[in-house]
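See below for the structure under consideration.
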Amino acid sequence: MKLNEIMLKNDVTLSFEVFPPKVTANYEAVEKAAYGVAKLQPSYMSVTYGAGGSTRGNTLKIAKGIQEEYGVTTIAHLTCVGATKDGIRQALEEMKAAGIENVLALRGDRPKDFEGEPFTDYHYASELVADIKEFGGMCIGGACYPEGHVESQNTHEDIQNLKKKVDAGCEFLTTQMFFDNNIFYNFLCRVREAGIDVPVIPGIMPITRPSQLQNAIKLSGCNMPIRFRSIVDCFGNNPEAMQQAGIIYATDQIIDLIANGIRHIHVYSMNKPEVVRGIQESLSKII
Ligand code: FAD
């Protein structure tokens, strides 16, 4: 099923992201974790794509398995960094053959070991969006950044570029993680002012380990509210307490989003069924 149909049909959707294994040796353990999330029957699930296509086969295998074994619709991520037009067409043919109807079209970042120029056939995600649109038959999503993309001079420029991506055929946007909902509300106002009218799905990351927090800040440059920093300072050395506090903080963000009229929320569940279960249980009377 296409995600735009799911979003129209359901009042509120709560979806979860999983990632495929980087090396084949870990396949079974990762598949088990991803299927553990699928068993909990979220509205849909997304499956990420390793840097420069390093997990391509596994992304598709896990996305297909989730749909076929658990009846949960999936969206496969696809990046165009280092890719050729022919390679992208082949990837889309493979998705179609696997029954995947939703794709998150991303530029990606230069892979660490990539030699040469990684942006030849594609420079930005909007070009990938246009090619997927031309290929046809897919519901296309894209990424956006409430605190600005790290390469952007400013958020105004970033939102103007986002508009190009939507104009190219992007049907919804999923945000980078954020830990202060006011940042999201402010971003949403600016996106709407710029004439972008597709659904903007907030991405929520439950932080259950202090190292996850450091990675999140390093990768996305996102702002960390003092309130959350104090939680990590206090419970960071107690794994069970940190997990509980991380789930509660993320759930609190989700409740606030729903209370403020946001209908579709995506959770970066990091292949942790126990985190997904914790969030779902805390929302059982709300969703
Ligand atoms: P773009 O939309 O192309 O934007 C990249 C930069 O270029 C921005 O600064 C933008 O302002 C600028 N720009 C865009 N268009 C133009 C233009 N026409 N002219 C000038 N400047 C322009 N990475 C992975 O490798 N695998 C994943 O599975 C993955 N999943 C993700 C999921 C989400 C929800 C998010 C938020 C990110 C994800 N990423 C993933 C990370 C993403 O690939 C990186 O953040 C990457 O740096 C940007 O990708 P993009 O698609 O947002 O790029």
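The values are calculated or read from the model by the stated rules, or taken from the named source; none is laboratory data. None of the values given here were measured: they were computed from a predicted structure. Here Cβ is always computed from backbone atoms with ideal geometry, including for glycine, and neighbour counts include all displayed protein chains.
Counting only residues that are of a type in the set (A, V, I, L, M), within 19 Å of Leu219 (Cβ to Cβ) and part of a helix (DSSP H, G or I), how many does region 163-186 have?
So the answer is 1.
Applying the selection to region 119-147, what residues are surrounded by fewer than 18 Cβ atoms within 10 Å (Cβ to Cβ) and either near the ligand (Cβ under 10 Å from one of its atoms) or touching a residue at least 60 places away in the same chain (Cβ under 8 Å) (or both)?
Once the filter is applied, which keeps residues that are surrounded by fewer than 18 Cβ atoms within 10 Å (Cβ to Cβ) and either near the ligand (Cβ under 10 Å from one of its atoms) or touching a residue at least 60 places away in the same chain (Cβ under 8 Å) (or both), region 119-147 yields Phe119, His123, Tyr124.
Can you tell me how many residues within region 24-79 are at pLDDT 95 or above, aromatic (Phe, Trp, Tyr) and out of contact with any Ser or Thr (no Cβ under 8 Å at 6 or more places or on another chain)?
Total satisfying the criteria: 2.
Restricting the search to region 229-246, which residues are surrounded by 15 or more Cβ atoms within 10 Å (Cβ to Cβ) and out of contact with any helix residue (DSSP H, G or I) (no Cβ under 6 Å at 6 or more places or on another chain)?
Those that are surrounded by 15 or more Cβ atoms within 10 Å (Cβ to Cβ) and out of contact with any helix residue (DSSP H, G or I) (no Cβ under 6 Å at 6 or more places or on another chain): Gln243, Gly246.
Check every one of the helices (runs of 4 or more DSSP H) wholly within region 201-262 and list those with 2 or more residues that are under 30 Å from Ala51 (Cβ atoms) and within 21 Å of the chain's Cα centre (by Cα).
210-220, 239-259
Going residue by residue through region 25-42, is there one that turns out to be over 24 Å from Asp121 (Cβ atoms), β-branched (Val, Ile, Thr) and touching a residue at least 12 places away in the same chain (Cβ under 8 Å)?
Checked region 25-42: at least one residue is over 24 Å from Asp121 (Cβ atoms), β-branched (Val, Ile, Thr) and touching a residue at least 12 places away in the same chain (Cβ under 8 Å).
Restricting attention to region 63-84, which residues are within 18 Å of Leu3 (Cα to Cα) and within 14 Å of the ligand (Cβ to nearest atom)?
Result: Ala63, Thr74, Ile75, Ala76, His77, Leu78.
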